[in-house]
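Please see the structure below; I have some questions.
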Amino acid sequence: MPSNNASNGSPHTTKPAPTPSPLRASKFFQSNMRILVTGGAGFIGSHLVDKLMENEKNEVIVVDNYFTGSKDNLRKWIGHPRFELIRHDVTETLLVEVDQIYHLACPASPVFYKHNPVKTIKTNVMGTLNMLGLAKRVGARILLTSTSEVYGDPLVHPQPESYWGNVNPIGVRSCYDEGKRVAETLMFDYHRQHGIEIRIARIFNTYGPRMNIDDGRVVSNFIAQALRDEPLTVQAPGTQTRSFCYVSDMVDGLMRLMEGKHTGPINIGNPGEFTMLELAETVKEIVNPKVEIKMVENTPDDPRQRKPIISQANESLGWEPKVKLRDGLPHMVEDFRQRLGLPKN
Ligand SMILES: NC(=O)c1ccc[n+]([C@@H]2O[C@H](COP(=O)([O-])OP(=O)(O)OC[C@H]3O[C@@H](n4cnc5c(N)ncnc54)[C@H](O)[C@@H]3O)[C@@H](O)[C@H]2O)c1
Ligand SMILES: O=C(O)[C@H]1O[C@H](OP(=O)(O)OP(=O)(O)OC[C@H]2O[C@@H](n3ccc(=O)[nH]c3=O)[C@H](O)[C@@H]2O)[C@H](O)[C@@H](O)[C@@H]1O
């Protein structure tokens, strides 16, 4: 049986946070807050950058290797004096002077993270080590975007943060879910050993405009298929569930977590739970009532159920999602129509 009743260990440390590097103060121009976003050219990262850039006191640096992200997602900021974009792989060390680090870099779609699993592990482990090393050197606060996949195929439903999970350590998804579990471990060890200020978000399935059209994740697949008049591919049995959070709610939750006092880990997601068949029916109804729904083979270790308990986010961050699935989907459909060159509905 998995442990589901233990605490997450003491997150507290007696060590003071390291002082910022003297280089930090030696710059000619200094904004009030210099923020690094790794993976900022990706889906969630680019929406986060949009929101951070709204504050004129923020200077934002994005590093990305463009594996699943694109410069196009950031085109409105390229050339802006408060914005910098660096082609960089987080598995290599990075020397910059920043106050906060949002560490998102990692392929998120199962199709992409399974494509080169060794690289996915390296990104999660070495990438997180490098960002923690940077946080330690410059005294920055660091937020990791972990995942509900740390709960594996959960035997406790819905999932509280105290649940330790049911994860296959040697499966095809392990590069991602075990990788993120190690990343969480590294975060807490740097916190306890070096006094680094950490924040960990456990993100549940997030959707919205700018997802890659052929990303492979379920919401983007169904919308692209419905728009192209191709059958919606429900992977068997179709009764597996997910809880879908709209991207603006997610970004709001991540920023509140960064600015708040709680280390986490903290679930950020929308508790509205749907089977994949229900999702297919909803997309069919909204986008293309004539489209066929086709049952196809599933992939190994697909979690059978997933739904966050969000009382911690609610109590400690004052956060709850605002956008219901039926209200969020049309924004994504509109974005996909534009990018596929289809007329407005
Ligand atoms: N979207 C979700 O439903 C979801 C759920 C749980 C967790 N997350 C986490 O949130 C983060 C962002 O997810 P997303 O949906 O925006 O994914 P995404 O694939 O759109 O974005 C990830 C970004 O990281 C970049 N990247 C990947 N490997 C890199 C490396 N080695 N060095 C530098 N950049 C690298 C990619 O090019 C991309 O721009 C990820 O850490 C993911 O694990 C997302
Ligand atoms: O939220 C999370 O924690 C994780 O959620 C997703 O992983 P997953 O839920 O497996 O995402 P999808 O590939 O979108 O699959 C969701 C469900 O839809 C099904 N599916 C997928 C694609 C498809 O065409 N049809 C279909 O029925 C899958 O079998 C699965 O049951 C993300 O891709 C991970 O990055 C993220 O960490």
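The values are calculated or read from the model by the stated rules, or taken from the named source; none is laboratory data. As the structure is a prediction and not an experimental result, all values here were calculated from the model. In this analysis, Cβ positions are derived from the backbone assuming ideal geometry, glycine residues included, and neighbour counts consider all displayed protein chains.
Here is a list of conditions, (1) away from ligand 2 (no atom under 16 Å from the Cβ); (2) crowded, with 23+ Cβ neighbours inside 10 Å; (3) on the phi > 0 side of the Ramachandran plot, and Ile196 meets all of them except one; can you say which number that is?
So the condition that Ile196 fails would be (3).
Quick one: in the range 110-122, which of the residues that are part of a helix (DSSP H, G or I) and in contact with a Cys (Cβ under 8 Å, 6 or more places away or on another chain) is surrounded by the most Cβ atoms within 10 Å (Cβ to Cβ)?
Out of the qualifying residues, it is Tyr113.
Within the range 167-188, is even one residue at pLDDT 95 or above, surrounded by fewer than 21 Cβ atoms within 10 Å (Cβ to Cβ) and touching a Phe, Trp or Tyr at 6+ places or on another chain (Cβ under 7 Å)?
No, the range 167-188 contains no residue that is at pLDDT 95 or above, surrounded by fewer than 21 Cβ atoms within 10 Å (Cβ to Cβ) and touching a Phe, Trp or Tyr at 6+ places or on another chain (Cβ under 7 Å).
When you scan the range 285-302, do you find a residue that is under 30 Å from Asp99 (Cβ atoms), more than 15 Å from ligand 1 (Cβ to nearest atom), without any contact (Cβ under 8 Å) to a residue 24 or more places away in the chain and assigned to a helix (DSSP H, G or I), even just one?
No, there is no match, as no residue in the range 285-302 is under 30 Å from Asp99 (Cβ atoms), more than 15 Å from ligand 1 (Cβ to nearest atom), without any contact (Cβ under 8 Å) to a residue 24 or more places away in the chain and assigned to a helix (DSSP H, G or I).
Here's a check for you: in the range 237-282, which residue that is over 26 Å from Arg141 (Cβ atoms) and among the aliphatic types (A, V, I, L, M) is surrounded by the most Cβ atoms within 10 Å (Cβ to Cβ)?
Ala280
Related question: Does the range 42-81 hold any residues that are more than 16 Å from ligand 2 (Cβ to nearest atom), among the aliphatic types (A, V, I, L, M) and within 24 Å of Val138 (Cβ to Cβ), and which are they?
Matches in the range 42-81: Val49, Leu52, Met53, Val60, Ile61, Val62, Val63, Leu74.
Moving to a separate point now. Return the total of residues in the range 188-212 being under 21 Å from Asp50 (Cα atoms), assigned to a strand (DSSP E or B) and touching a His at 6+ places or on another chain (Cβ under 9 Å).
1
Answer yes or no: is there a residue in the range 323-332 that is β-branched (Val, Ile, Thr) and not in a loop (DSSP other than H, G, I, E, B).
No, the range 323-332 contains no residue that is β-branched (Val, Ile, Thr) and not in a loop (DSSP other than H, G, I, E, B).
What residue, of Lys114, Lys122, is modelled with pLDDT under 95 and under 19 Å from the mean Cα position of the chain (by Cα)?
Lys114
Consider Met126 carefully, then state whether it is more than 22 Å from Val251 (Cβ to Cβ) and outside any strand (DSSP E or B).
So Met126 fits the description; yes.
In this structure, does Lys290 turn out to be out of contact with any helix residue (DSSP H, G or I) (no Cβ under 6 Å at 6 or more places or on another chain), surrounded by 15 or more Cβ atoms within 10 Å (Cβ to Cβ) and at pLDDT 95 or above?
Judged against the criteria, Lys290 is not a match.
Moving on to the next point. Can you tell me which residues in the range 111-131 are out of contact with any strand residue (DSSP E or B) (no Cβ under 6 Å at 6 or more places or on another chain) and over 18 Å from Thr299 (Cβ atoms)?
If the condition is that a residue be out of contact with any strand residue (DSSP E or B) (no Cβ under 6 Å at 6 or more places or on another chain) and over 18 Å from Thr299 (Cβ atoms), then Val118, Lys119, Ile121, Lys122, Thr123, Asn124, Val125, Met126, Gly127, Thr128, Leu129, Asn130 are the ones that fit.
For the range 202-216, state whether one or more residues are aliphatic (A, V, I, L, M) and either surrounded by fewer than 19 Cβ atoms within 10 Å (Cβ to Cβ) or more than 30 Å from Lys15 (Cβ to Cβ) (or both).
Yes: the range 202-216 contains one or more residues that are aliphatic (A, V, I, L, M) and either surrounded by fewer than 19 Cβ atoms within 10 Å (Cβ to Cβ) or more than 30 Å from Lys15 (Cβ to Cβ) (or both).
Restricting to the range 303-343, name every residue that is closer than 19 Å to Ser248 by Cβ, of a type in the set (A, V, I, L, M) and away from ligand 1 (no atom under 16 Å from the Cβ).
Residues satisfying the conditions are Leu317, Val333.
Rundown of residues vs (1) within 13 Å of ligand 1 (Cβ to nearest atom); (2) crowded, with 21+ Cβ neighbours inside 10 Å; (3) of a type in the set (A, V, I, L, M), yes/no style:
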position	(1), (2), (3)
Ser46	yes, yes, no
Phe67	yes, no, no
Ile78	no, no, yes
Val90	yes, yes, yes
Tyr102	yes, yes, no
Cys106	yes, yes, no
Asn124	yes, yes, no
Lys136	no, no, no
Thr145	yes, yes, no
